[in-house]
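Novice: Below: one structure in structure tokens.
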Amino acid sequence: MTSAVTSGVAALINDRDTTKVLVTTDASGVPHAAVTDFVQCGEDGRILYFEPLESSVANRNLTASIWFDRQVSIALRTPADERFHIGARPLRALVAGPAFQRHYDAFRARFGDLDLATVWVLQPERVDDQDFEQARRRQAEDRPFFQHLDRIARHASP
């Protein structure tokens, strides 16, 4: 399956200095956002989320997302203030086996004495660049009537 994640965005996901926020929803649709260091992009373009706590809200919500085929979101912000939104769908949860063991060993090597409850495999479906200045220019060009009237009046008066 083709990934919506470019190599540039994959590098940002894997950069330890990029802030990552995982947003899930519960069974009622209530969002839960968690800033996390436990996200990385796999070689196949899929996103891996490493959950160390069996009882976490994210783990429960990801389980519901896989059951009910709901998207999750990942927001990225780099130290250079680049911002991206990734819409993804959970594909599977790894809790045992050779792939889980490889991730478990790497996770413990990086984070020390932490357990690893689940490796979530997420399929990115879309990536949106959320550069504010670019969005502002696009809105001014595509939707000039979205300006507030006071701004229009200010530019029109001599």
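The values are calculated or read from the model by the stated rules, or taken from the named source; none is laboratory data. Just so you know, these numbers come straight off a predicted model, no measurement behind them. Cβ coordinates were reconstructed from backbone atoms using ideal geometry, including for glycine residues, and neighbour counts include every protein chain displayed.
Novice: Take the conditions farther than 25 Å from residue 129 by Cα and either surrounded by 15 or more Cβ atoms within 10 Å (Cβ to Cβ) or among the β-branched types (Val, Ile, Thr) (or both) and apply them to residue 56. Does it pass?
Specialist: Judged against the criteria, residue 56 is a match.
Novice: Please determine whether any residue of the range 72-89 is surrounded by 15 or more Cβ atoms within 10 Å (Cβ to Cβ), assigned to a helix (DSSP H, G or I) and in contact with a His (Cβ under 7 Å, 6 or more places away or on another chain).
Specialist: no
Novice: Please verify whether the range 20-31 includes one or more residues that are among the basic types (Lys, Arg), in a loop (DSSP other than H, G, I, E, B) and either farther than 11 Å from residue 117 by Cβ or in contact with a strand residue (DSSP E or B) (Cβ under 7 Å, 6 or more places away or on another chain) (or both).
Specialist: No, the conditions are met nowhere in the range 20-31.
Novice: Across the range 13-29, which residue is surrounded by the most Cβ atoms within 10 Å (Cβ to Cβ) among those that are at pLDDT 95 or above and of a type in the set (A, V, I, L, M, F, W, C)?
Specialist: 22
Novice: Out of all the residues in the range 90-103, which are out of contact with any His (no Cβ under 8 Å at 6 or more places or on another chain) and surrounded by 17 or more Cβ atoms within 10 Å (Cβ to Cβ)?
Specialist: Hits for the range 90-103 are 90, 93, 103.
Novice: In the range 64-117, what residues are of a type in the set (Ser, Thr, Tyr) and more than 17 Å from the chain's Cα centre (by Cα)?
Specialist: Correct list: 104 only.
Novice: Within the set of pairs 6+ apart or on separate chains, which have a first residue in the range 129-157 that is under 30 Å from residue 10 (Cβ atoms), a second that is of a type in the set (A, V, I, L, M) and modelled with pLDDT under 75, and C-beta atoms under 9 Å apart?
Specialist: The qualifying pairs are 129/135.
Novice: Residues of the range 44-71 being hydrophobic (A, V, I, L, M, F, W, C) and either assigned to a strand (DSSP E or B) or in contact (Cβ under 8 Å) with a residue 60 or more places away in the chain (or both), which ones?
Specialist: 47, 48, 50, 53, listed by residue number.
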